[in-house]
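Novice: Dumping the structure here so I can ask a few things about it.
The values are calculated or read from the model by the stated rules, or taken from the named source; none is laboratory data. Here the structure is a predicted model, which means the values were calculated and not measured. Cβ coordinates were reconstructed from backbone atoms using ideal geometry, including for glycine residues, and neighbour counts include every protein chain displayed. Areas reflect the complete protein model, heavy atoms only, side chains present, ligands, DNA and RNA absent. Shrake-Rupley method; radii C 1.70, N 1.55, O 1.52, S 1.80 Å.
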Amino acid sequence: MKPCSAINLGALSPCTLVIFGASGDLTSRKLIPALHGLFLSDSLPHPFHIVGCARTALDAEAFRTLLHEAIRTSGPAPPAGWEEFARHISYIPVQYGDAKSFTRLAESLRQLDRDHQTQGNRICYLATPPSLYPVIAAQLGQAGLAAEGPGGKGWVRIVVEKPFGRDLTSALELDQILHQSFREHQIFRIDHYLAKETVQNILMLRFANAIFEPLWNRGHIDYVGIVAAEQLGVEHRAGYYEQTGILRDMFQNHMQQLLALTAMEPPSLFEAERVRDEKAKCARSLKPLVRETMAEHLVLGQYGPGSSQGRPVAGYRDEPGVAPDSRTPTFAMLRLFVDNWRWRDVPFYLVSGKRLPHKETKIVIQFKPVPHSMFRDMLAERIIANRLTLGIYPEEEITLTFQTKTPGSRVCLRPVTMDFKYNQDSAAPPLDAYAKVLLDVIQGDHMLFWRQDGVELAWSFLTPILEECESCGDRAPQLHTYPAGSWGPEAAQEWIRLILNN
Ligand code: NDP
């Protein structure tokens, strides 16, 4: 029998999912397709109801049509079972700054609880621009929509999308406002990256196999590379990106999570608090970057004109909505050190950028060369050291490179790879990341969500770097231009070659 733990669907409590910002991109592109998929596989609780809330004046029918259009035009075939799924969807317009609007919302939700017998269990999903998170959280508190019933009945959960603030101070402010109405166990800070099957697999690979963990340290590992490359440019999100840039968009959350999963110590049990404790310990061990030497550890870039998929494309500053003198970085390469017993002096290279040659996410574990080569008199070339690659996108795979003898009379070595494709030998399709996080919120499982101390530690590390970069001081890392479609600025090429080509 295969060791796996299944979701006990019978144990899922009935509930209502209230989505704020429901007229937006995230709802129609990610949340509704994920919920629709869960509905088709009968993985949602019974009963279950979805309420869209936003300022746009819509009725339920118009809202369902809007969602149907979005899902129909993005998929290869008309969505199966849509009519039945759509019966679980309604819409209530709200004005975020208006207390009366939330009082009316509370009354409508209580009526829906009675109509659909969802027992007062409720998830409030904030799918709005981040500036509205504090406003909505406070309104929910004032309207009595944050309070839970006695004895675990009528639970209330709030889901907050990244970014959780834009620096340490604003992250602390957001947390304070959330905690005025909600308790920590009610708060789910989403990073859907963590719910990707291959990202979850990092812990399984490390801690469910005896062969890797003894080698997973400074004694055997030369360096670690973590790459999250985007082929696309800023697209239609200039308004968001101009305020954010690559460091806030990727490094504060996804990249630090991939780093934590790669570098953390084994928890005593695969359980939310213990896993999050170990991640926090890892974040606490990050060696801060100091102003004097920051430029030696960080390369920042912004894409200029170039080509992508054989077509000429504009530079970042020429994109619609971007300031012509914008200093927003679209590429960063950060060399950092986890200052503890296991990892001392092992560099971790974190690379992410937009308009790179292709979309790719992977973690490279580069082992040290053999300590002594008995083949040195026969081989012209050095022996290529072993490398373990955890592919997250587009290939969900694990690859181990090692040396073998080339067949024939001569003594020659050749590097070969052993591949594991994540989906091979698996009958079940992988669970979409948003479907996974939504199911976890419904079940109240915090394992894949950020805890506040993790958010604060991530910002504590990054905020001084952001301040230095944004100060444009003498020693601040320079913002290099790189051609769209290349692997970033010239200044990063030495590290890029190390990670990508060995
Ligand atoms: P949108 O920009 O599409 O906004 C969502 C909705 O919020 C809009 O439909 C609009 O609804 C309302 N809104 C927008 N601007 C304002 C404003 N200034 N004041 C009041 N209401 C406003 O956002 P997304 O759906 O793309 O993203 C939602 C959240 O999820 C963001 O925090 C984003 O960072 C995060 N996120 C998004 C991802 C994505 O793929 N889109 C991926 C990961 C995270 P109305 O006018 O009807 O009120």
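Novice: Check which residues have an amide H placed less than 5 Å from Gly304's amide H, if you skip close sequence neighbours.
Specialist: Tyr316, Tyr482, Ala484
Novice: Taking the Cα centre of the chain as the origin and placing charges on Cβ (Lys, Arg +1; Asp, Glu -1), which of Gly144, Asn501, Thr73 is farthest toward the positive end of the dipole?
Specialist: Farthest towards the positive end: Asn501.
Novice: Let me ask you something else. Give a residue-ordered list of calculated ³J(HN,Hα) values for the stretch 307-319 (Karplus: 6.51 cos²θ - 1.76 cosθ + 1.60, θ = phi - 60°; whole Hz; x for Gly, Pro).
Specialist: Karplus-based 3J(HN,Hα) across the stretch 307-319 equals 9, 9, 6, x, 10, x, 10, 6, x, 4, 5, 9, 6 Hz.
Novice: Step through the residues of the stretch 123-128 one at a time and calculate ³J(HN,Hα) from phi using the Karplus curve (6.51 cos²θ - 1.76 cosθ + 1.60, θ = phi - 60°), rounding each to whole Hz and writing x for Gly and Pro.
Specialist: 10, 9, 9, 8, 10, 10
Novice: Still on this structure: Heavy atoms only, 1.4 Å probe, whole protein assembly: order Leu261, Leu58 by accessible area, highest first.
Specialist: Order by accessible area, largest first: Leu58, Leu261.
Novice: Additional query: Can you give me the Cα centroid spacing of the stretch 295-321 and the stretch 443-497 in angstrom?
Specialist: Centre-to-centre distance over Cα atoms comes out at 17 Å.
Novice: With charges only on Cβ, +1 for K and R and -1 for D and E, what is the dipole size of the chain about its Cα centre, in debye, rounded to 20?
Specialist: The calculation lands at about 780 debye.
Novice: For Ser131 and Ala99, compute 0.36 nm times the residue count separating them, minus their Cα-Cα distance, and round to one decimal in nm.
Specialist: 9.8 nm is the gain from fully extending Ser131 to Ala99.
Novice: Select from the stretch 213-284 those trypsin sites (Lys or Arg not before Pro) which occupy a DSSP coil region and have at most 16 other Cβ atoms within 10 Å, ordered by residue number.
Specialist: Sites meeting the loop and neighbour criteria: Arg218, Arg237.
Novice: Now, a different point. Among Val313, Ala295, Ile465, whose Cα projects farthest towards the positive end of the dipole of the chain, with charges put on the beta-carbon of Lys, Arg (+1) and Asp, Glu (-1)?
Specialist: Farthest towards the positive end: Ala295.
Novice: Now a separate question. When ranked by the protection proxy of mean other Cβ atoms within 10 Å per residue, highest first, what sequence do the peptides 130-140, 102-112, 408-418 form?
Specialist: Top to bottom by mean Cβ count within 10 Å: 130-140, 102-112, 408-418.
Novice: Return one whole number: the accessible area per residue of the chain in Å², for a 1.4 Å probe.
Specialist: Each residue of the chain exposes 47 Å² on average to a 1.4 Å probe.
Novice: Now, a different point. Would you mind putting 326-338, 172-184, 85-97 in packing order, based on average other-beta-carbon counts within 10 Å, highest first?
Specialist: 326-338, 85-97, 172-184
Novice: What does the helix-only formula give at 222 nm for the chain: each DSSP H stretch with n ≥ 4 adding -39500 (n - 2.57), the total divided by the residues, and the result rounded to the nearest 500 deg cm²/dmol?
Specialist: -9500 deg cm²/dmol
Novice: In what sequence, highest mean first, do 310-319, 17-26 appear when ranked by Cβ atoms within 10 angstrom?
Specialist: Peptide ranking by packing, descending: 17-26, 310-319.
Novice: Note down the relative contact order for the chain as a percent, whole number, built from C-alpha pairs under 8 angstrom at least six residues apart.
Specialist: For the chain, the relative contact order is 17 percent.
Novice: Any idea what angle helix 433-443 forms with the longest principal axis of the chain, computed on alpha-carbon atoms, 0 to 90 degrees, nearest 10?
Specialist: Roughly 50 degrees, rounded to the nearest 10.
Novice: To the nearest 10 square angstrom, what accessible area does Leu205 show with a 1.4 Å probe?
Specialist: About 20 Å², rounded to the nearest 10.
Novice: If you take the charge dipole of the chain about its Cα centre, with +1 on Lys and Arg Cβ and -1 on Asp and Glu Cβ, which of Ala260, Val437, Gly21 is farthest toward its positive end?
Specialist: The one lying farthest along the dipole's positive direction is Ala260.
Novice: Using θ = phi - 60° and the Karplus form 6.51 cos²θ - 1.76 cosθ + 1.60, what ³J(HN,Hα) does each residue of the stretch 421-429 get, whole Hz, x for Gly and Pro?
Specialist: Residue by residue, the stretch 421-429 yields 8, 4, 8, 5, 6, 10, 6, 7, x Hz.
Novice: On to the next question. Can you send over the carbon and sulfur percentage of the accessible area for the chain, probe radius 1.4 Å, protein chains only?
Specialist: 53
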